[in-house]
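**Student:** Can you keep this structure in mind? I'll have questions shortly.
Values quoted throughout were computed directly from the atomic coordinates according to the rules given, and no laboratory measurement underlies them. Quantities reported herein were computed from a predicted structural model and do not represent experimental measurements. Neighbour counts are summed over all protein chains in view; Cβ atoms, including those assigned to glycine, are modelled from backbone coordinates with ideal geometry.
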Amino acid sequence: QVSVLYFARSAELAGLRCETLSVPRQITSLQLWEEIVKVHPRLAVIQDQVVFAVRQEYVLLGDQLLVLQPGDEVAIIPPISGG
Amino acid sequence: MDESEDTPKDFIMLKSEKLSVDEVSELVVSPYCGAVSLFIGTTRNNFEGKKVIHLEYEAYTSMAETEITKICRDVRQKWPSVKHIAVHHRLGVVPITEASVIIAVSSPHRAESLEAVMYCINTLKASVPIWKKEIYEDEYSWKENKECFWANSEK
């Protein structure tokens, strides 16, 4: 079970800021995205623009294998605009 | 003179209250430094002909603080003479002309602090998880920094 955090446009599309999700302990980042889109289909429109932050490290959506621990934070990161 | 009493410090703050240039520059002033360089990011009142009413910022706060800490560490590697670094970023609603971000760096001589400030703001825009929403009269828009490597640049 991981904590999924939604920010900016992804929070608007998902309609929430945070939830727990059950996912396999080992999963590619793209598969993880697909799991999340199953729960929140409106997120599909931003697929080309987001990355994840897993345990606060950026991860691109793709083949990268994630090894997740219970309670890990996974954040959806739309294009940033700080400063 | 014992410079070891003035150990280099990073002052990182994300807050919703109005930012203060005086406060941020006072944080980095040091008797061993002849230079304090500052960058202030302020809110423009227009974008592509549309009137901007105000900005709203949100952040993945814990990760933003960590990323800014990494930027400070990089600054100290590149410019070892840099003394203190302060990065204050405002969250929530920021009215026009008020500051969204203030960065201050002190160093013995001016070249390092000037370069370090530029590096800080450029890297912040590329890597710190903070988002800006521009509120116009009839609509709003989530902005995307061109420095962001995962943004879709064709619109």
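**Student:** Return a whole-number percent for the relative contact order of chain B, with Cα pairs under 8 Å and 6 or more residues apart as the contact set.
**Tutor:** Relative contact order, chain B: 33 percent.
**Student:** Output wanted: per-residue J couplings in Hz (rounded whole) for segment A:66-74, from phi through Karplus 6.51 cos²θ - 1.76 cosθ + 1.60, θ = phi - 60°, x for Gly and Pro.
**Tutor:** 9, 10, 9, 10, x, x, 4, 8, 10
**Student:** Turning to a different aspect of this structure: Going toward the positive end of the dipole of chain B, with +1 on Lys and Arg Cβ and -1 on Asp and Glu Cβ, which of B:142, B:77, B:105 do you reach last?
**Tutor:** Projecting each Cα onto the dipole axis, the largest value belongs to B:142.
**Student:** With a sphere of radius 15 Å drawn around the Cβ of residue B:123, what net charge do the other residues whose Cβ falls strictly inside it have (Lys, Arg +1; Asp, Glu -1)?
**Tutor:** Net charge in that neighbourhood comes out at 0.
**Student:** Using R₀ = 35 Å, calculate the FRET efficiency as 1/(1 + (r/R₀)^6) where r is the Cβ-Cβ separation of residue A:69 and residue B:141; round to 0.05.
**Tutor:** 0.40
**Student:** Give me the Kirkwood hydrodynamic radius of the protein assembly as shown, using the inverse of the mean 1/r over all pairs of distinct Cα atoms, in Å to one decimal.
**Tutor:** About 19.1 Å, per the Kirkwood formula over Cα pairs.
**Student:** Less than 15 Å Cβ to Cβ from residue A:13, Lys/Arg counted +1 and Asp/Glu -1: what total charge do the surrounding residues give?
**Tutor:** Taking every other residue near residue A:13 into account, the sum is +1.
**Student:** Any idea what angle helix A:29-39 forms with the longest principal axis of chain A, computed on alpha-carbon atoms, 0 to 90 degrees, nearest 10?
**Tutor:** 70 degrees
**Student:** How high is the relative contact order of chain A, in percent, counting Cα pairs under 8 Å that sit 6 or more residues apart?
**Tutor:** Value for chain A: 42 percent.
**Student:** Looking only at other chains, what is the average number of their beta-carbon atoms within 10 angstrom of each beta-carbon in A:5-11?
**Tutor:** For this peptide, the per-residue mean of nearby foreign Cβ atoms is 5.
**Student:** As I understand it, the value is the acute angle between the Cα axis of helix B:110-127 and the longest principal axis of the Cα atoms of chain B; what does it come to in degrees, rounded to 10?
**Tutor:** 40 degrees
**Student:** For segment B:17-142, compute the number of Lys pairs whose alpha carbons are separated by less than 24 Å, excluding pairs fewer than 8 positions apart on the same chain.
**Tutor:** 17
**Student:** Please arrange B:15, B:133 by how many other C-beta atoms lie within 10 Å of their C-beta, fewest to most.
**Tutor:** Ascending Cβ contact count within 10 Å gives the list B:15, B:133.
**Student:** In addition: Quote the FRET efficiency, to the nearest 0.05, computed for residue B:32 versus residue B:98 with a Förster distance R0 of 45 Å and r equal to the Cβ-Cβ distance.
**Tutor:** 0.90
**Student:** Which far-off residues, 5 or more places away or on another chain, put their amide H under 5 Å from the one on residue B:100, with H placed in the peptide plane?
**Tutor:** Hits under the 5 Å cutoff: B:41, B:42, B:43.
**Student:** Let me ask another. Just how large is the dipole of the protein assembly as shown about the Cα centre, in debye to the nearest 20, putting +1 at every Lys and Arg Cβ and -1 at every Asp and Glu Cβ?
**Tutor:** Charge dipole of the protein assembly as shown: 300 debye, to the nearest 20.
**Student:** Beta carbons within 10 angstrom, averaged per residue: use that to sort the peptides A:26-37, B:100-111, highest first.
**Tutor:** Highest mean packing first, the order is B:100-111, A:26-37.
**Student:** Quick one: in segment B:87-155, what % of C-alpha pairs are over 17 Å apart?
**Tutor:** Taking all Cα-Cα pairs of segment B:87-155, the fraction more than 17 Å apart is 56 percent.
**Student:** Tell me the label-point distance for the pair residue A:22, residue B:150, using the 7 Å Cα-to-Cβ offset, in nm and rounded to one decimal.
**Tutor:** 2.7 nm
**Student:** Turning to a different aspect of this structure: Can you give the convex hull volume of the alpha carbon atoms of chain A per residue, in Å³?
**Tutor:** In chain A, the Cα convex hull volume per residue is 86 Å³.
**Student:** Please work out the C-alpha center-to-center distance from segment A:6-79 to segment B:92-143 and express it in whole Å.
**Tutor:** 26 Å
**Student:** Further, regarding this structure: For peptide B:122-132, what's the mean number of Cβ atoms from other chains within 10 Å of each residue's Cβ?
**Tutor:** 5
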